[in-house]
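Right, one structure below, let's go through it.
Rule-based calculations on the coordinates, nothing more; no lab input. Predicted, not measured: the structure shown is a model, and the values here were computed from it. Note that each Cβ is placed from the backbone with ideal geometry, even for glycine, and that neighbours are counted across all protein chains shown.
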Amino acid sequence: MVTLHAPLSQRAMYEPAIEPPVTSLTLSVPYISWPITVRPSANGAFVTVSDVFEGIYRTLRAQVTEAEYRSIRSPSDLKRVNGAYEHRYRRIQDSYAAHKERQNGVRRVDFLVRHTRFRGISFADSRGGLVLHLS
């Protein structure tokens, strides 16, 4: 069963991401080895909901480094990451945009394979570690 939620209001997007408000937060993601660090936008004193979404987007849209790509140890994992990369650029309908995206190579989002739907964030432990949940 799919649960649909109403979109967040503009006001909600600029509320603190967590209580009490913080000046930075770090998310761990089960499918990738690097953390996602979120800081307030240029004019912000604390991390907002909008900052979290922007930080996730910015981190996952980054091209992978050679070291990150070489960190894939399993041939089956490498095949899945490369398949996600191909799927991502092939679904772009504009041929020029698809070509440019292909030239830009593998991005961090490709390491998620098909786990790209935001499901929430939770505290991982009593020390305040946060986990990004995807499906």
*Count the net charge of all other residues whose Cβ sits under 12 Å from the Cβ of VAL47, scoring Lys and Arg as +1 and Asp and Glu as -1.*
-3
*How far, in degrees from 0 to 90, does helix 75-90 lean away from the longest principal axis of the Cα atoms of the chain, to the nearest 10?*
80
*Highest GNM mean-square fluctuation, the chain, Cα pairs closer than 10 Å: which of ASP77, ASP51, ASP110?*
ASP77
*In degrees, nearest 10, range 0 to 90: what is the angle between the Cα axis of helix 95-104 and the longest Cα principal axis of the chain?*
80
*Dividing the convex hull volume of the alpha carbon atoms of segment 55-135 by its residue count, what do you get in Å³ per residue?*
121
_Note, ³J(HN,Hα) from phi for segment 8-15, Karplus 6.51, -1.76, 1.60, rounded to Hz, x at Gly and Pro_ = 5, 6, 4, 4, 5, 5, 10, 7
*asked:* For ILE121, what residues show an amide H to amide H distance below 5 Å, using hydrogens built from the backbone and excluding near sequence neighbours?
replied: HIS133
*With point charges of +1 on the Cβ of Lys and Arg and -1 on the Cβ of Asp and Glu, referenced to the Cα centre of segment 96-135, which listed residue (HIS99, VAL131, VAL113) lies farthest in the positive direction of the dipole?*
HIS99
*In a GNM of the chain with a 10 Å cut-off on Cα contacts, which of LEU78, LEU60, LEU112 has the highest mean-square fluctuation?*
LEU78
*Along segment 64-70, what does the Karplus equation 6.51 cos²θ - 1.76 cosθ + 1.60 (θ = phi - 60°) give for ³J(HN,Hα), rounded to whole Hz, x for Gly and Pro?*
6, 7, 4, 5, 5, 5, 6
*Count charges around GLY83 for me, please; just the other residues with Cβ under 12 Å from its Cβ, Lys/Arg as +1, Asp/Glu as -1.*
+2
*If you place +1 on the Cβ of every Lys and Arg, -1 on the Cβ of every Asp and Glu, and leave all else neutral, what size is the dipole of segment 1-85 about its Cα centre, to the nearest 20 Debye?*
300
*If one takes the longest principal axis of the Cα atoms in the chain, at what angle in degrees, from 0 to 90 and to the nearest 10, does the Cα axis of helix 49-61 lie?*
20
